[in-house]
Amino acid sequence: MKTKHLAILPFLAALLVSIGQAQVPVFEFSQQQSKIKFSVKASVAIEGNFDKWDATLTFTSTDVTTGVLDIKIQAASVNTGSGMKDDKLRGKDFFDASQNPLITFKSTKVVQTGPNTFDVPGTFTIRGVSKPETLTLVVSGVGTGSGTIKGTMAFDRKNYGMNSGIPFIKIADRVEVNVDLAGKRVSGPPLALKK
């Protein structure tokens, strides 16, 4: 009899873990309705987006400051509309996509700066080099369970070892990344935000 009761313990433990996870707010983003773009000032415009990426936003409670934004981009999925530029960006002078296939951003905290604005400091990794950077976000649809997160992060490419140029094109050091993520809450209660 005792053995029968003991056999059910792992099942109960797994059930309690999944119930606990269902109680925290988790957001997922639609790739079809979202974009992750970048631009660099240059004598010939360099801008594009990434066709393959994944992003999640998970909270440990309804307190917005407990959120963790986790973005993983496939570096080789860069798309500028020019095969020549894409090949150059994938190469070892820029993304070095064959050696470092992922470009990532993982937040370390969330700071609410207004009713629908947030600063999200985190660790940004590109070419295998990680440094602290901050995404500045504007959120729409607050409290509805779905909406958009639009944000900007700027970084100096030379801090990440992208010191080369492209022949006959003058490129600025500052790179701007723009995220436009359409998502919805897939589990948990609404978030408690400051008004």
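The values are calculated or read from the model by the stated rules, or taken from the named source; none is laboratory data. All of these numbers come straight from a predicted model, not from anything done at the bench. Positions of Cβ are generated from backbone atoms using ideal geometry, with glycine treated the same way; all protein chains shown enter the neighbour counts.
Summary table
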| quantity | calculated |
| --- | --- |
| Count of residues meeting criterion [surrounded by fewer than 20 Cβ atoms within 10 Å (Cβ to Cβ), at pLDDT 95 or above and not acidic (D, E)] in the range 114-126 | 3 |
| The range 94-146, subset part of a loop (DSSP other than H, G, I, E, B) and touching a Phe, Trp or Tyr at 6+ places or on another chain (Cβ under 8 Å), residue nearest to T66 (Cα to Cα) | V110 |
| Number of the exception - A75 against (1) in contact (Cβ under 8 Å) with a residue 40 or more places away in the chain; (2) farther than 15 Å from L191 by Cα; (3) out of contact with any helix residue (DSSP H, G or I) (no Cβ under 9 Å at 6 or more places or on another chain) | (3) |
| D119 being under 15 Å from the mean Cα position of the chain (by Cα), more than 30 Å from S164 (Cβ to Cβ) and of a type in the set (D, E) | yes |
| Check on I71, within 24 Å of G143 (Cβ to Cβ), at pLDDT 95 or above and in contact with a Phe, Trp or Tyr (Cβ under 9 Å, 6 or more places away or on another chain) | yes |
